[in-house]
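What follows is a short report on a single structure.
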Amino acid sequence: MSPAAASTLSVLARVEMGRCARHPLFLTGIVVTTLFCFVDPDPQLGVLFHAIVPATAIGVLGIFVLASLTRRSQTIHAAAGAVPVAERTRSLALVAACLVPFAAGLAWWAWAFITYRNHAAPPNGFPFGPVGDGWAAAVLFGEGPLACLGGPLLGILVGRWSGARAAPALTAVGVIATCLVMQGLFEPLRRIRVVMPWTYFGGPAGIPGDPNRILLYSGSPAWWCVYVACLCALAVLAIVLHDRESPRRPVLMLAAGVGAAAAVAVGLAMWTGVDHTLVNPLPSS
Amino acid sequence: MIDYAARAVPWRLVLAGCLVTTALMAIVAVSPDTMWPLQGTAIGLLAGLAAWSMDETAAALVDALPRPLAWRTAARALGIVPLALTWCASVLTVAGRLPPHTSLFLLQGTGAMLFAVACVTWRRAHGNAVPGTAFASCVVPLVALLAITRPLPQHLALFPIWSDESWHLCLVIWSTLAGGSAALLTAALSRGSSGMRSDVSNGVPARAVPAAVRSPKVRRHRH
């Protein structure tokens, strides 16, 4: 990238980050996430089950925020006519705007991890067994900041590749539905659930006779974080790939490499870490 | 009116919405206890689809036709009929697996669509030709957020699931929403029938346009 293009990208990125930070839906998500930080976590499940809040309030809403910013960027470009800024530069500026929700997710992650360390789970609670602070930090990172980054990236992807006005809504509903189905509650899907960009690593899934018994699901949250990061990188490459005027072959080669890394990471997420579902030996109540 | 609706309503979007709503309620029926957020998500999607159906993307053309806002709204409302029927059929089909509040669930879906139509029609009566897109972009994610996080379940009982939750409060909330929406829709349509047609043009409110530009009679008198 030439110095002039880098300078343009820097200016555009600041503009898009400001638009993202001022977007009403993003601000709503921040307010909701902040308010939930003042709600005491469930004594049995702890702060690990708070991760649904930033993932929805910042991540899912981020799909709409960045899709609307992408559409606005396209509208401005169309209105301006021939401009010397390439689509790739404008796309990268929008990608840079995703750092705003990611930063909010990181702030939540710091709060959540401190809260997790200060509120030990009871013996019949979650988590239990052979998992430590690193495991919890990885779970919180994947379910929090990475969801806050992935949702907005998906919004740009949808905005770039689909002109349908309902595309962001249908995408968001699809993401919500598939993530709910693959959250680990259905035993046959428990091993492969880590292919989803958001899932749980345990919870009150229950056993016969104790419907709220705490379970610890199989898989490695650290490798799952690597996999989700690869998905985010693939999303960026797919966004950049939309520009047909810039060279696409290097991007495709890079995407193939990242795709291979994602496949390896998801395999490791499935088959390393906790090797099978563990049942808390103590009854839920 | 049928011809108008056939051309004006985004039928492919309505069809997609019907299919997605049916799929969501089918998933809910598999495990209502754990998949319940999808019920609220489906209601938000229905509201968004109803709003999209009301967008007049060719307002500059239809404003010139001798059809008032009420007539055009009624024609476009034909697009909401399949959505309402799909919601009712989805709820009634799986009613045996849901909590015993079928009439409340029917009210939630239809009330949400009525709310969307009322808000969008009100905006249309005030000069915004395509308010549905912005409305849907807010209502779909926000309702999903409320359905998933369920804040203050005892005070904001929008999508209750457990038997010990405040079902009566939920009924009050949705009844109030539906009643208020009906009143808002009536007010919007009456405003529309009393001379709003000149207000709606390319989505620009009349007050934003200089009077000399707004009224061709001024120029005619000068000639």
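Summary table
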| read-out | value |
| --- | --- |
| Among the residues listed as A:186, A:113, the single one being open to solvent by 30 Å² or more (accessible area, probe 1.4 Å) and within 21 Å of the chain's Cα centre (by Cα) | A:113 |
| Count of the range A:189-217 residues which are more than 12 Å from every other protein chain (Cβ to nearest Cβ) and more than 24 Å from residue B:20 (Cβ to Cβ) | 14 |
| For residue A:34: the one exception among (1) over 25 Å from residue A:165 (Cα atoms); (2) modelled with pLDDT of 95 or more; (3) more than 20 Å from the chain's Cα centre (by Cα) | (3) |
| Any pair with Cβ under 7 angstrom, 6 or more apart, that starts in the range B:131-157 at a residue that is within 11 Å of another protein chain (Cβ to nearest Cβ) and ends at one that is modelled with pLDDT under 90 and open to solvent by less than 60 Å² (accessible area, probe 1.4 Å) | B:132/B:54; B:132/B:55; B:133/B:55 |
| Any hit, the range A:71-84, residues being over 19 Å from residue A:155 (Cβ atoms), within 14 Å of chain B (Cβ to nearest Cβ) and over 20 Å from the mean Cα position of the chain (by Cα) | no |
| The range B:6-19 residues that are under 8 Å from residue B:79 (Cβ atoms), paired with ones that are in a helix (DSSP H, G or I) and open to solvent by 30 Å² or more (accessible area, probe 1.4 Å) (beta carbon under 8 Å, 6 or more apart) | B:14/B:82 |
| Which listed residue, of A:75, A:8, is hydroxyl-bearing (Ser, Thr, Tyr), open to solvent by less than 60 Å² (accessible area, probe 1.4 Å) and either over 30 Å from residue A:120 (Cα atoms) or touching a residue at least 24 places away in the same chain (Cβ under 8 Å) (or both) | A:8 |
| Breaking point among (1) closer than 16 Å to residue A:153 by Cβ; (2) modelled with pLDDT of 95 or more, for residue A:27 | (1) |
| Which numbered condition residue B:31 fails, given (1) over 30 Å from residue B:125 (Cα atoms); (2) modelled with pLDDT of 95 or more | (2) |
| Checking residue B:103 against (1) more than 19 Å from the chain's Cα centre (by Cα); (2) of a type outside the set (D, E, K, R); (3) open to solvent by less than 10 Å² (accessible area, probe 1.4 Å); (4) farther than 30 Å from residue A:182 by Cβ, the condition it does not meet | (3) |
| Odd one out for residue B:70, checked against (1) of a type in the set (A, V, I, L, M, F, W, C); (2) free of Cβ contacts under 8 Å to residues at least 12 places away in the same chain; (3) more than 14 Å from every other protein chain (Cβ to nearest Cβ) | (2) |
| Residues (open to solvent by 20 Å² or more (accessible area, probe 1.4 Å) and hydrophobic (A, V, I, L, M, F, W, C)) located in the range A:208-229 | A:222, A:223, A:226, A:229 |
| Residues (open to solvent by 50 Å² or more (accessible area, probe 1.4 Å) and not in a helix (DSSP H, G or I)) located in the range A:189-203 | A:191, A:197 |
| Residue within the range A:74-82 that is modelled with pLDDT under 95, part of a loop (DSSP other than H, G, I, E, B), under 26 Å from residue A:2 (Cα atoms) and out of contact with any Asp or Glu (no Cβ under 8 Å at 6 or more places or on another chain) present | yes |
| Of all residues in the range B:18-41 being open to solvent by less than 10 Å² (accessible area, probe 1.4 Å) and facing chain A (nearest Cβ under 8 Å), the one that is farthest from residue A:181 (Cα to Cα) | B:41 |
| Criterion: more than 24 Å from residue A:31 (Cα to Cα) and among the polar types (S, T, N, Q) - qualifying residue of B:149, B:110 | B:110 |
| Filter pass, residue B:182 being within 14 Å of another protein chain (Cβ to nearest Cβ), of a type in the set (A, V, I, L, M, F, W, C) and in contact with a Leu (Cβ under 9 Å, 6 or more places away or on another chain) | no |
| Qualifying residue in the range A:158-180 (condition: more than 14 Å from chain B (Cβ to nearest Cβ), crowded, with 20+ Cβ neighbours inside 10 Å and under 25 Å from residue A:233 (Cα atoms)) | yes |
| Close pairs from the range A:127-156: first within 11 Å of residue A:58 (Cβ to Cβ), partner among the β-branched types (Val, Ile, Thr) and open to solvent by 10 Å² or more (accessible area, probe 1.4 Å), Cβ under 7 Å, at least 6 apart | A:151/A:60 |
| Answer residue from the range A:116-140, given it is among the aromatic types (Phe, Trp, Tyr) and over 21 Å from the mean Cα position of the chain (by Cα) and is farthest from residue A:213 (Cα to Cα) among those | A:128 |
| Selection within the range A:11-52 - outside any helix (DSSP H, G or I) and open to solvent by 40 Å² or more (accessible area, probe 1.4 Å) | A:38, A:39, A:40, A:42, A:43, A:44 |
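Here is a yes/no grid of residues against (1) touching a residue at least 24 places away in the same chain (Cβ under 8 Å); (2) out of contact with any Lys or Arg (no Cβ under 7 Å at 6 or more places or on another chain):
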position	(1), (2)
A:224	yes, yes
A:242	yes, no
A:257	no, yes
A:260	no, yes
A:263	no, yes
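To keep it simple, each residue is scored yes or no on (1) part of a loop (DSSP other than H, G, I, E, B); (2) open to solvent by less than 10 Å² (accessible area, probe 1.4 Å); (3) modelled with pLDDT under 90.
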| residue | (1), (2), (3) |
| --- | --- |
| B:16 | no, no, no |
| B:57 | yes, no, yes |
| B:70 | no, no, yes |
| B:74 | no, no, yes |
| B:90 | no, no, no |
| B:96 | no, no, no |
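The values are calculated or read from the model by the stated rules, or taken from the named source; none is laboratory data. Quick caveat, the model's predicted, so the values are computed rather than measured. Every residue, glycine among them, receives a Cβ derived from its backbone with ideal geometry; neighbour counts consider all protein chains shown. Only protein heavy atoms, including side chains, enter the accessible area calculation; ligands, DNA and RNA are left aside. Shrake-Rupley method; radii C 1.70, N 1.55, O 1.52, S 1.80 Å.
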